[in-house]
Structures are given as C-alpha cells and as structure tokens.
Ligand code: B12
C-alpha cells in the first residue's frame, strides 16, 4: 500500500490537478482502487469534516475538497472491483410543495455527495405525489425534505402520508430539515431523523443507514 | 452673520465611476443572459416589446427597455398612515425605520424564553410599533402558528391594522391573498381610489436569485402595479449563496433582478411606485447562515443609496437594527447600532428588520424597543451641526465670562436651547452608580423589557371606526 499523504494534502487544499496526478500515480503503481478510496480519499474528507466542525475550515473549502475527491473517484471508477460499494447510499432530496428556498437543500446535497452518498436532487416546490413518483423511480435509501417556511412545513407530514399510502414508507428512511423545523417536529410527524445543518445531516444520514 | 446651511453628514461608498460600472454590468446581465420569467403574461408582454425569448421561458431584456422603466418610475412618493396623513415622504434621502416580517420564534416578553410565534405576537408587535416614536412603519414580525396556513398573511394583516395606524409593509403568498388584503386596505382608506391616492402599505415580494421570477411573485408584482400599491422586490442576492461572493457582483446581479422586475412593473402601469434595491447580505462561510448583522449588508445598501443619487433616483429599500445573536446581548446591541447608524448616514429610505434576532428567525419586543432608541441617537447625529449666531453663542459667552462665578448651566441660552442642542436618551442609562443600583441594577435588556411591557399596557392606538372593523370582518369571513 502506498502512502497517500500527498493525495490527502491535495484533497484538503482542494488542488484538483495535484490530486488527480496523485491518484493516477497510485493507479500506475497498481494500487487497488478500493484502497485509494478507503485509505486515501475518505480519511482526507473525514479530516476536512473535522476541521469544519471545529470552525477552522470554511464551507467553500469543504465543498472544494469534496469536488476534488469526486474527480479522483471518477478516475478510479473503471477500476473498482465488482461488488465494491463506492456509494454510501442513495439520498433523494427536495424542497417541499409551496417552498422555493433551495440554498440549504443544495448545500446538504453537496455535503452528502462529498461524504460518498449518491444524490437525486428533485428540486423545489415538490408535491407529495412527485416525491412518491420519484421514490418509485429511483429507489433511494433516504428521502430528505427541506422546508424554510413555517407555512410549507405541513407539506412534510403530507408527503410522509403519501409515501405511506403508496406503500413506500417502510423501504426508506426520512430525514427532514430547514430553519423552522425542529427535532420535536420530526418526532411528531414520524420522520426518522432531523438535522439542523449540512454537517450534521451527513452524520445523521450515516447513522440512519448504520454506517460510519 | 450670513446664513450658513447645516451640512447633513453623508456616508458615500461609491463614486460615479463605480456606479456606472455596476449599472453597466447589470444591463449586460439582462441583455446577454436574461432572466427566467415563469409568468406567461409577463413573458408575452416582454416578447411583444421586442425582447428575445429563449429556452422556453428565459428572456433577454435590452438596455433601452430598462432605461425607459427607470425613467417612468417615480423618483419620490409618500406612504401615508392609515388615517390618510402623509407619514413617510420618500425623497431627499429621508430615512424611515420599521420592523421585519415572518419570524418563526419570538422571545416571550414575560418569560424571556424563545418560543414559536402566535397571532397575538403580530398584534403585540404592531401595538408596540404604534407606541414607539422612531419606528415609522410596521411589519408582521411573526409567522403565527395558530392560524390556518392558507390565509396566514390575511390573518397577519388584520392583526396589524387592528393594532396600529402606522404605514405598513406586508407579505402575501400569491395573487389570491393579496387581493383580499387590498380589499381590506381599501375599506380602511374609504375606497379603492382613496387608497390609490394615499397608499399606506407597501408589498414585499422577492425574486429568486439567480435571475428567476416564479409565477406567483410576478402575479403580485402586476397586481401591485395595477392597483397602485407601492412595492419592493428585493431578491435574496446574498453574497456567496444566491449571488457572487464579491459585493460588486452580488449587487450587479441583484440590481439586474430588480430592474427586470421594474420593467414589467412600469410596462404594466407607468409611474406606479416602486422601491428599489436587492437584499445583498452574505452567506456566512462557517455557519452557512444568511447574516442579519454583517457589515456587508450595510455597505451594499449604502452603495445602493449612491446608485440612487448618481443614477436611478428611485427611493431605496434597506435593512437595519437586526442581529445574528440568539439573545439581546452586547452583540445584538453592536450589530443593531452599527446597521441603524450606517443606514441613516447612507440616507437609505425604507429600512426594515428592526428587532430581529438569530438571523431573522426570532423576533424580540425588547430589541425593537432598543432599536427605537438607537434610531433617535442616529437621527440626532445625522442632523449635523447647525451653525449660526444662535448656536455659535458669542452673546452667551460674553454674559458668562463677564459674570464671576457664573457658568453656562445657569445661562438663559442653555435654558432656551438644551432640548434641541442635546440628545436625551430614554433607555441608554447615564445615571450615577447608586441611582442605577437603587433602581434595581437593570441592564439594557431589562430596561427595554420594562419599557416594552409598559407600552403594551398603556399605549392606546386611535381605534378604527366600527364600520371599518365590521367591513374587515366581513371581507375575512367571506
Ligand atoms: C435567501 C432567502 C430567500 C430567498 C431564497 C433563494 C433560494 N434560492 O433559496 C428568496 C428571496 C427567494 C426568499 C423568498 C421568500 N422568503 Co426567504 N429567506 C431567505 C433567507 C434570508 C436565507 C435562507 C438561506 O438560504 N439560508 C442559507 C442556507 C444554507 O441555510 P438553510 O436554508 O437554513 O439550510 C440549512 C439548514 O436549515 C439545514 N437544512 C435545510 N434543508 C434541509 C433539508 C434536510 C433534509 C436536512 C437534513 C437539513 C436541511 O441545513 C442547511 C445547510 O446548513 C432566510 C432568513 C435566514 N437568515 O435564514 C429567509 C426566510 C427563510 N424567508 C422567509 C420568507 C417569509 C420568505 C417569503 C415568503 C418572503 C416574501 N416576501 O415573499 C418568500 C417565500 C418564497 C417561497 N414560496 O418559498 C422567512 C421564513 C419565515 C417563516 N416563518 O416561515 C425567513 C426566515 C426570513 C424572515 N424572517 O422573514 N427567501
């Protein structure tokens, strides 16, 4: 196994060019793709998450590191062995009906993607029926709903109801968020999880699927 | 002595060169990238006026149309109070301060706890505003959780007009509730035409950065233009989130969005009143919160006032007196004071969000009460220094210096002028230590709490007539 220090440094710096060079170097050295990911890229992202949580890294640095990692994963993609799980899980995410706020939702989606989840972003003003339709179509592990208005929060239980009626509720975990949403509200409407910001959304998503 | 004009202190952050460059960039955005216009009627209107429509509902707006809209937009207009008296003449860089809209939480005035807002909070904030001299207009300050969501903005509006006669800035969800709100307003004014002649409310709608105009928002924009309801259309072009992270770029984009709205507005009804300016705050890069206490927002709106003076002439929309702090503490005081004072010196016109805590999530009666005092303080400062024989006071000096043992405190000149020559705070405490301790060692938060409660207890707004109240109830119950 190679030493991935240079790769990790490049990811932390968001230096895509160097990170790709380092990944290519590992590939040329016949490193196993899985090792490059597990021992190179992911620990770097974990370190970034840690720095962010401590307030020493900023959102754009976090996002740039995630992007850097994704570019490297693309390079590795053809080399993963059959059965290598490269996604932590699939998250379908949207802003609920009547609500047009999407900056928070987008940020959550990007952070989850950076942490290794596959994202299906279905946009804003998404009706319960549309959620149902998209869940059927894409078969996600987690459904994330965002609401920034107290007036659109009721669309969350409506969506959960629609998913129940469609017989899909048991196959998925539901995670909700947005400024007016609280832990208590999540319990009340029987969502599985709530996160107050993008950083904790990643932790909660992992928790929901029992992964680290 | 020859008369000397009093100089009004003025903060300037842009010169003509920068103003022209930002404006040129906004025009370039509109002419080359265009906006996404999701309202079929408005899209057709723009197309008929010669705009290029592409990608279904995107439209490029040429500079001529923009310049024409700027030309026909009123350069001054007045908001009246609900009794028809002129209250906010928006001209000459006059500054007026008011509260903000929909918060999720409020700091309970009795318990000091943060709790979800209810409709009684809307009423309380309106009543407080009615009783505070330096707060010129009212907004809901709460998104009440105990009224039906469908008509939430109608309920908020009714709670407001029942508790204040001051001018108002209101929110509506769509073309449906805004029509009901307009009916209520017309009932108060004594008819639609009377309301049009003396409007007492301004609608707050928002385009979506970057460059997107949803149908319901344009519905409201057109309705306001037709009915002569003044409106502002600040998109949330917060730097680093909805807009470029650099303020010049965020402003250019936000201004482009505003100008696109203005074009539709003026095409619908030339000369209808429009308040200019996007909300250019920042997305904080640690918390990912859109800040309500940052210097960038104050700076961008000062720049906007410069754009008004150098170019557009149209009165501006601004913010102040808010904070990202969770409680009304020193941070809240610092952020409120900074923004109130700079907005005043920038000569911004309609300044909202006074009394917000927690980046606009929580409202606080005490914070509004404090902001009221900070406006008074800033207004005093912004009044400048009158220079004339009376204020130079050589006569007084002659008298005092000629009388052994005398001092200015005893002189008639002091007696005659101290009221206007000095700023007399009400809540900012200057008492001696023992007196302060004797009065219960109250800090600013506590003093504002006592004052807010006193106003809620004692203040009586001039009640609306029985007929008007009946009409309102009829409209609402329909
Ligand atoms: C930007 C903004 C807008 C922009 C939105 C642009 C866009 N593309 O999203 C515009 C200008 C369009 C807008 C419009 C309106 N807005 Co607005 N807006 C805001 C503002 C200033 C910032 C929101 C934001 O983007 N924050 C930054 C992001 C990163 O944070 P966030 O959204 O909170 O998301 C984080 C968490 O909540 C969480 N999260 C979010 N979603 C999810 C989902 C999941 C699954 C999880 C786990 C976590 C999670 O993680 C995110 C990342 O850390 C807030 C006030 C504020 N300071 O928060 C008001 C605010 C949300 N808006 C408000 C209002 C009232 C409106 C309007 C009704 C105003 C009007 N006059 O019409 C319209 C409604 C339009 C509509 N139908 O949706 C109110 C809501 C009040 C309430 N009680 O409901 C607020 C609080 C302002 C206020 N006090 O009045 N707004």
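Nothing in this text is a laboratory measurement; each read-out follows from the coordinates by a stated rule. Source: prediction; values computed, not measured. Don't worry about glycine lacking a Cβ; one is built from the backbone with ideal geometry, like all the others, and counts go over all protein chains shown.
If we restrict to alpha carbons, what Rg and Dmax does the range A:5-79 come to, in Å?
11.7, 37
Shielding of A:95-108 by partners, i.e. mean partner chain Cβ atoms within 10 Å per residue?
Values: counts 0, 0, 0, 4, 0, 6, 2, 2, 9, 4, 0, 1, 3, 1.
Partner Cβ neighbours, averaged per residue: 2.
Calculate the translational D of the range B:407-458 in whole µm² s⁻¹ from Stokes-Einstein, where the hydrodynamic radius comes from the Kirkwood formula applied to all Cα pairs, the temperature is 4 °C and the viscosity 1.567 mPa s.
Values: Rh = 13.4 Å.
Estimated via Stokes-Einstein, D reaches 96 µm²/s.
Where the convex hull is taken over the Cα atoms of the range B:260-325, what is its projected area averaged over directions, in nm²? Please report the intermediate quantities before stating the final value.
Values: hull surface 22.2 nm².
Mean projected area of the Cα convex hull: 5.6 nm².
If you fit an axis through the alpha-carbon atoms of helix B:175-189 and take the longest principal axis of the Cα set of chain B, what angle between them do you get, 0 to 90°, nearest 10?
That helix lies at roughly 50 degrees to the long axis.
Could you tell me the extents of the range A:63-106's C-alpha atoms along the three principal axes, largest first, rounded to whole Å?
Here the Cα extents, ordered largest to smallest, are 44, 24, 12 Å.
When ranked by the protection proxy of mean other Cβ atoms within 10 Å per residue, highest first, what sequence do the peptides B:296-304, A:96-104 form? Walk me through the numbers on the way to the answer.
Working: B:296-304: 24.2, A:96-104: 20.8.
Output ranking for B:296-304, A:96-104: B:296-304, A:96-104.
By how many nm would the segment from residue B:442 to residue B:409 grow when fully extended, if each residue of separation counts as 0.36 nm and the alpha-carbon distance is taken off? Present the calculation step by step, with values, prior to reporting the outcome.
Values: separation 33, 0.36 × 33 = 11.88 nm, distance 2.96 nm.
Difference between extended and current length: 8.9 nm.
Starting from a Cα-only point model with no solvent, please compute log10 I(q)/I(0) by Debye for the range B:375-461 at q = 0.13, 0.19 1/Å.
-0.71, -0.99
I'd like the per residue volume of the convex hull spanned by the Cα atoms of the protein assembly as shown, given in cubic angstrom.
In the protein assembly as shown, the Cα hull volume divided by residue count equals 207 Å³.
Kindly provide log₁₀ I(q)/I(0) values, in the same order as q = 0.07, 0.09, 0.13 Å⁻¹, from the Debye equation applied to equal alpha-carbon scatterers of chain B.
So the normalised log intensities work out to -0.39, -0.63, -1.22.
Taking beta carbons within 10 Å but only from partner chains, what does the mean come to for residues B:281-290? Walk me through the numbers before you get to the answer.
Working: counts 0, 0, 4, 2, 6, 6, 5, 11, 3, 3.
The per-residue average across the peptide is 4.
For the pair residue B:6 and residue B:435, what calculated FRET efficiency results from E = 1/(1 + (r/R0)^6), where r is the Cβ-Cβ distance and R0 = 45 Å, to the nearest 0.05? Present the calculation step by step, with values, prior to reporting the outcome.
Working: r = 35 Å, r/R0 = 0.78.
Once the sixth-power term is evaluated, E becomes 0.80.
With everything on Cα atoms, drop me the angle between helix A:16-28 and the longest principal axis of chain A, reported from 0 to 90° to the nearest 10.
The helix A:16-28 is inclined about 60 degrees to chain A.
Label residue B:52 and residue A:56 with points 7 Å out from Cα along Cα→Cβ: what is the distance between them in nm?
If labels sit at residue B:52 and residue A:56, their model points lie 5.1 nm apart.
Give or take rounding to whole Å, what are the principal axis extents of the alpha carbon atoms in chain A, in descending order?
54, 38, 25 Å, listed from the longest principal axis down.
Report, to the nearest 10°, how far helix B:365-382 tilts away from the longest principal axis of the Cα atoms in chain B, using its own Cα long axis and a range of 0 to 90°.
Computed tilt is about 80 degrees.
Please report how far the C-alpha centroid of the range B:236-284 lies from that of the range B:320-397, rounded to the nearest whole angstrom.
For the range B:236-284 versus the range B:320-397, the Cα centre distance is 25 Å.
How much of the pair distance distribution for the range A:90-209 lies past 20 Å, counting alpha-carbon pairs only, in percent? Walk me through the numbers on the way to the answer.
On the way: 2143 of 7140 pairs.
Result for the distance tail: 30 percent.
Distance from the Cα centre of the range B:36-99 to that of the range A:96-167, in angstrom?
34 Å
Calculated from DSSP H runs of 4 or more alone, at -39500 (n - 2.57) each and per residue, what is the 222 nm mean residue ellipticity of chain A, nearest 500? Don't skip to the answer; put the middle values down first.
Numbers: 9 runs with 103 residues, N = 212.
Value at 222 nm, helices only: -15000 deg cm²/dmol.
What residues from the range A:141-174 fall in the zone where the backbone N is under 16 Å from a label point 7 Å along the Cα-to-C-beta line of residue A:203?
No residue qualifies, since no backbone N sits under 16 Å from the label point.
Quote the Stokes-Einstein diffusion coefficient, in whole µm² s⁻¹, for the range B:81-236, based on the Kirkwood radius over alpha carbon pairs, a temperature of 25 °C and a viscosity of 0.890 mPa s. Working shown, then result.
Numbers: Rh = 16.1 Å.
So the translational diffusion coefficient is about 153 µm²/s.
To the nearest whole number, what is the average tally of beta carbon atoms from other chains within 10 Å of the beta carbons of peptide B:97-104? Walk me through the intermediate numbers first.
Values: counts 0, 0, 0, 0, 0, 4, 3, 8.
For this peptide, the per-residue mean of nearby foreign Cβ atoms is 2.
Given an 8 Å cut-off on Cα distances and at least 6 residues of separation, report the relative contact order of chain B as a percent.
Values: 948 pairs, mean separation 89.8, N = 478.
The value is 19 percent.
Counting helices only, and only those DSSP H runs with n ≥ 4, report the 222 nm mean residue ellipticity of chain B as the sum of -39,500 (n - 2.57) divided by its residues, in deg cm²/dmol to the nearest 500. Can you show the working numbers first?
Working: 18 runs with 214 residues, N = 478.
Calculated from helices alone, the mean residue ellipticity at 222 nm is -14000 deg cm²/dmol.
Based on the alpha carbons, how large is the Rg to Rh ratio for the range B:109-196 when Rh follows Kirkwood?
On the way: Rg = 13.6 Å, Rh = 13.7 Å.
Over the Cα atoms of the range B:109-196, Rg/Rh equals 0.99.
In what sequence, highest mean first, do B:367-373, B:182-188, B:460-466, B:73-79 appear when ranked by Cβ atoms within 10 angstrom? It would help to have the intermediate numbers written out before the result.
Details: B:367-373: 28.0, B:182-188: 21.1, B:460-466: 11.1, B:73-79: 18.7.
Averaged packing, sorted descending, gives the order B:367-373, B:182-188, B:73-79, B:460-466.
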